[in-house]
Structures are given as C-alpha cells and as structure tokens.
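Undergrad: Just passing along the structure, written as structure tokens.
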Amino acid sequence: MTRDASENRQNGWWRDQTFLDDLRRNAQDRPDKPVLIAYRPPDDTKPRVVDYAELARVTDGFVAALVGLGIKHGDVVALQFPNWWEAAPLGLACAQVGARICLLMPIYGRHEIEHMLRRTGARLCITVTEWQGARLADIVADLAGQLPQLDHVVVADTVPGIPHPAGTLSFTEVFRTDPPAGADAAAKEPWSSLIALEPDEPFLILFTSGTTGESKGVVHSQNTLYAGCRAYAEPLGLDSSSVVFVAHTTMYYTGFVLGMLLPVMLGGTALVQEDWDADIHLDLVQRHGVTAFYGGPHILVDLIAAQRANPRDVSRLRRVVTGGAPIPPHVVEQVDEVLGAEAFALWGMTENGTVTITRSDDPPGWAAHSDGSVVDGMQVRIDTASGAGDGSGKLWVRGANQCLGYFGRDDLYAEALDEDGWFDTGDLVRDDGRGGIRVCGRVKDIVIHGGINVPVTDVEGILARHPSVREVAIIGVPDRDLDEQVCAVVAPAGGPPELAALRTHLASAGVTELFWPERLEVMDALPRTATGKVRKAELRARLRGT
C-alpha cells in the first residue's frame, strides 16, 4: 500500500468496501426501494422500475452469464449501449467477476471502436444493432475478424427487424433481466472460483481525447470513483433520500458514475432516460420528484426554455449542477427564477471527476463567476508562471479522485505528471477571489462539440490524407457561447476542397459524425511557431468574429 493510499483511507476518501458491498447492503436494508427508474422509447409513460433486491438478482444473473462466456479476472468487457439501465448491473457484474468494464459511447464509429477494442484487448463486446443510423453490431462483428482476442460479440436490439450479424450472440438470451424463479442459487454456483475486484484494482476504462494523436483509456478503480462520488455528493448534500437525474450518456463518467454508481452508494434513486428531450425530462422531474439534476449549460438552456413554455411542478428540485463549459450569468439567474433551484458549477475531467464545485454558502449566483473551490481529498495548484501575466496559469491537480493512469500507455500518463505526482490538466485558470478557480482557457488542443471532446489530432491526421489537403488544423469556433463549432482550416494542395468532400472522407474512414467539421476555411498557409506548431490561438482569433 502506498503512502497516498494509506492517507486516503485514513481520511475516509478511500475505503475497504466496493460498490458491490453497497448493493448488497441496500438490497438487505431497503429491498423494495427503487434504485433505477428507466424510460425507453417508444413508450415514455411506462418506466422499468428496478428496486434494490431486483438489481442484486439481475447482477447475480449477469455474473453467471459472464462466467459462462469465459470472462475471468483481469479481462476487459467493452459495453456500447444507449442510456439503458442494464449498464449498472453489467458494471457491477464485471466487478464481481474481476473484469474491467470499458464504456464505448454509441456515437463512436468504426475508427474509434477499432482503436479502443484493440488497445484494451477486450474479450467481449456488448453492443446494439443500430444507433442513429449506424449499424454498430455490423461494425463490431466485422472488426472481430481482425481482433483475435475478441472472443464474443453480444448484440441487443434497438430497432425491430434488424438481423444480428452471423457469429454474434443475443443479449436477451445470454443476459437475462428477468431470471426465472429459483435462479438465484443457480446464478451463484460458479462464484466459488471468482476473484472479485479489490477496491484499488483497475475497474473502469473511459476513453478521452487530447493532443497526443490517439484517444487515451483513462483507468479508474472503485476507490477513485468512490472519492469522486463523495466529492460530488457531499457539497450538494445528497443522501439516500435523493432522486438524481443526469442528462448525459451512461457510457461516460458523468452518466455512469454520478448517474448510476452514486445512487447505489447512497441508497438513493436514479432516473435513466434514453434520449435527451427537455420536455420529457421535465415531465420526469415532476413525476418522480427529482431533487438533483446534472446537465451541461446547453442542456440547461433547453430545459429552461421548455419550462417557460409549459411550466411543471418541479418544486422538489433543489440542486441543478452544470460543468464542461462556462455557464452564462443569465442561465444561473434563470435556474433560480424558472426552475426554482440553486445552480452549482463544477470543474473536473475524465481523469479525476469532480475536483472543484461551488457551494451553497457562496454569494448568490456565484456559479456564473466561478468553477468552485477544491473538494475534500483533492489539491489544486495554479502555475502562474505559465500564464499571461494576469494571474492566470496552468492548473495542476492531485488527490484521491485521480485516475490510476492510461490503459497500456504508462508513458503518456507519466508525461502528464511532475516529480511530486501533480497532474497537468492542460487548462488555464485564475483564482476566483474566494479561493476557488475560474477556467479561462485551455492549453491542450481540445475542441468541445456537443459536450464531447473532439480527438483533434486523429481528425487532422485523417484529413491530411485527402488529396486536396496540404495542411490542416481543426479548431473550435464559439457557437451560441455554449459549445464550439468544429472548423477545418485548410491550406490546399491544388484546388481548394469542398466541405462535403472532407466530411465524406472522414465518413469513409469510420470517424464519428459528431467529430466532422461543420465549417471550412481555406488559407494559403497555416501560421506556425518557430518550432513548426500551428498557431491555433491566432486562427481562433481570426475567425472568432467571422
């Protein structure tokens, strides 16, 4: 045990239990209490209500299914689902088997899926027939022939009538969510040989993007996630009475950890809705008495507009939390005026979850001016020497929430750490005047579109292979002050390319549509530094007002 691990346990930031222990405790103490209330089209009026006792039974059944597929301690199971409640028992079952679960967002295309399955060496991939027009099962099944370690592809139906690819297994046949009577004992028969994950072992793999030329698989243990859950729950006063709703994909940190594992840890209740729709979400907030809601600023704008147009009784909603982008002051005001709730702003990364968050004892509307003060268990440091002389500087963090590293790329993770274990976030921040931080820029080359980090270097590398492209830079251009438009700045080889041709080129390479440029700017040459790096800040400044 390292000194940091010992300190984390001594301070209560880490523990000797796991989320499986939380599930078993709650299944015994509150078996009939709903833990997951899930809605799935086409019927958004009849939820699938899963209580703690049922979640424990389904998890046991999924354990038996994983064992039957030959999954064992140390294996990686990849899961690519929409916002479905089944992700929770699948993750918990992986922990019981000793496997690591790798979450893949359904928006990922062939290019991203292949990289992630190859990097992790996943032995099992669970996906769906189709999502938003993409035949995901066909993509994974085709990749299975090129990935010898991928033993099984399991497919769940999203659209009736689409046949499963040859050689794949049916999710409903392998993973029973309605085990027959007397199945509990049978499900636990193979457990004697299982080695469940310890709280400090690698558990969750989430791929994120940066400037290294590839997506990195962030690895978390159950303890780093436990610390991240506490960092979110305690400042907000969440407990077993809380009904939480996270309007983000369950295939990423916020949706899976804060939207599913956190309620299990607390003994609370979570809502799960397949698609984002402001009116449907507000109806559910009213129907189920949601007490805490998380959504990016662009989601809050839609939510407020829908509430203005058709007011609902959302009087139990007390906490509205946002992150991922600065929240405009008028949105903070409208959270109070229109939703009757308090707005909280947080800052964090896939690598560390919640690191800073605003508090109830901050001045009114403080979420419009700050990304919060540091949470228990974490430390932050602003390197003002790296700033512009205005008090801003690069943000470094370390502590109990911090991930274990990047899967299979210890070298890349080591590059992000200094000799004292501080992690380079790549963000520029300043002091907010109350001991917290305010993000004011990014050092890393990241474009955020649709709430997702665009893998800039990947996209640039593929576009550079287009015959009409000599040089290319992908930058983000502000769009409605809430998101960024993906812009390709191209120095052409011969005649200038058309935007449609570049998008077709990316489609043929299997790149997710969300990452395609929406705007094309053509220049004779891209501005570069003396060392050859493109001056992207200059490009953004040129295009900001055009």
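The values are calculated or read from the model by the stated rules, or taken from the named source; none is laboratory data. Bear in mind the structure is a predicted one, so any value in this text is a computation, not a measurement. Note that each Cβ is placed from the backbone with ideal geometry, even for glycine, and that neighbours are counted across all protein chains shown.
Undergrad: Residue by residue through region 473-489, note down the ones that are more than 14 Å from K536 (Cβ to Cβ) and hydrophobic (A, V, I, L, M, F, W, C).
TA: The answer is L482, and nothing else.
Undergrad: If R100 passes every condition in (1) charged (D, E, K, R); (2) without any contact (Cβ under 8 Å) to a residue 40 or more places away in the chain; (3) crowded, with 24+ Cβ neighbours inside 10 Å but one, which one does it miss?
TA: (2)
Conditions tested, residue by residue: (1) more than 19 Å from T254 (Cβ to Cβ); (2) assigned by TED's automatic domain parsing to the domain that holds P34; (3) small (G, A, S); (4) in a loop (DSSP other than H, G, I, E, B).
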| site | (1), (2), (3), (4) |
| --- | --- |
| V49 | yes, yes, no, no |
| A56 | yes, yes, yes, no |
| L66 | yes, yes, no, no |
| G74 | yes, yes, yes, yes |
| P82 | no, yes, no, yes |
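Undergrad: Okay, moving on. Residue under question is V490, and the condition is that it be buried (at least 20 other Cβ atoms within 10 Å of the Cβ), under 25 Å from P328 (Cβ atoms), modelled with pLDDT of 90 or more and in contact with a strand residue (DSSP E or B) (Cβ under 9 Å, 6 or more places away or on another chain); does it hold? Talk me through it step by step, then tell me what you get.
TA: Numbers: buried (at least 20 other Cβ atoms within 10 Å of the Cβ): yes; under 25 Å from P328 (Cβ atoms): no; modelled with pLDDT of 90 or more: yes; in contact with a strand residue (DSSP E or B) (Cβ under 9 Å, 6 or more places away or on another chain): yes.
For V490, the condition - buried (at least 20 other Cβ atoms within 10 Å of the Cβ), under 25 Å from P328 (Cβ atoms), modelled with pLDDT of 90 or more and in contact with a strand residue (DSSP E or B) (Cβ under 9 Å, 6 or more places away or on another chain) - is not met.
Undergrad: Something else now. Which of (1) in a strand (DSSP E or B); (2) out of contact with any strand residue (DSSP E or B) (no Cβ under 6 Å at 6 or more places or on another chain); (3) without any contact (Cβ under 8 Å) to a residue 60 or more places away in the chain is the odd one out, the single condition D44 does not satisfy?
TA: (3)
Undergrad: Among strands (runs of 3 or more DSSP E) lying entirely in region 326-394, which contain 3 or more residues that are in contact (Cβ under 8 Å) with a residue 60 or more places away in the chain and under 25 Å from the mean Cα position of the chain (by Cα)?
TA: Working: elements: 342-349, 353-357, 378-383.
Strands (runs of 3 or more DSSP E) meeting the threshold: 342-349, 353-357.
Undergrad: Restricting attention to region 305-334, and to residues there that are at pLDDT 95 or above and closer than 30 Å to V454 by Cα, which single residue is surrounded by the fewest Cβ atoms within 10 Å (Cβ to Cβ)? Lay out the reasoning, then the answer.
TA: First, the residues of region 305-334 that are at pLDDT 95 or above: 306-321.
So of that shortlist, the ones also closer than 30 Å to V454 by Cα come out as 306, 319-321.
Details: A306: 19, R319: 21, V320: 26, V321: 27.
If we take residues in region 305-334 being at pLDDT 95 or above and closer than 30 Å to V454 by Cα, then A306 is surrounded by the fewest Cβ atoms within 10 Å (Cβ to Cβ).
Undergrad: Taking the stated definitions as given, is F62 among the aromatic types (F, W, Y), under 24 Å from the mean Cα position of the chain (by Cα) and assigned to a helix (DSSP H, G or I)?
TA: yes
Undergrad: For residues in region 103-149 being among the hydrophobic types (A, V, I, L, M, F, W, C) and in a loop (DSSP other than H, G, I, E, B), which is surrounded by the fewest Cβ atoms within 10 Å (Cβ to Cβ)?
TA: Of all residues in region 103-149, those among the hydrophobic types (A, V, I, L, M, F, W, C) come to 103-105, 107, 113, 116-117, 122, 124-126, 128, 131, 134, 136-137, 139-141, 143-144, 147.
Remaining after also requiring in a loop (DSSP other than H, G, I, E, B): 104-105, 107, 122, 147.
Numbers: L104: 26, M105: 22, I107: 19, A122: 27, L147: 16.
This residue is L147.
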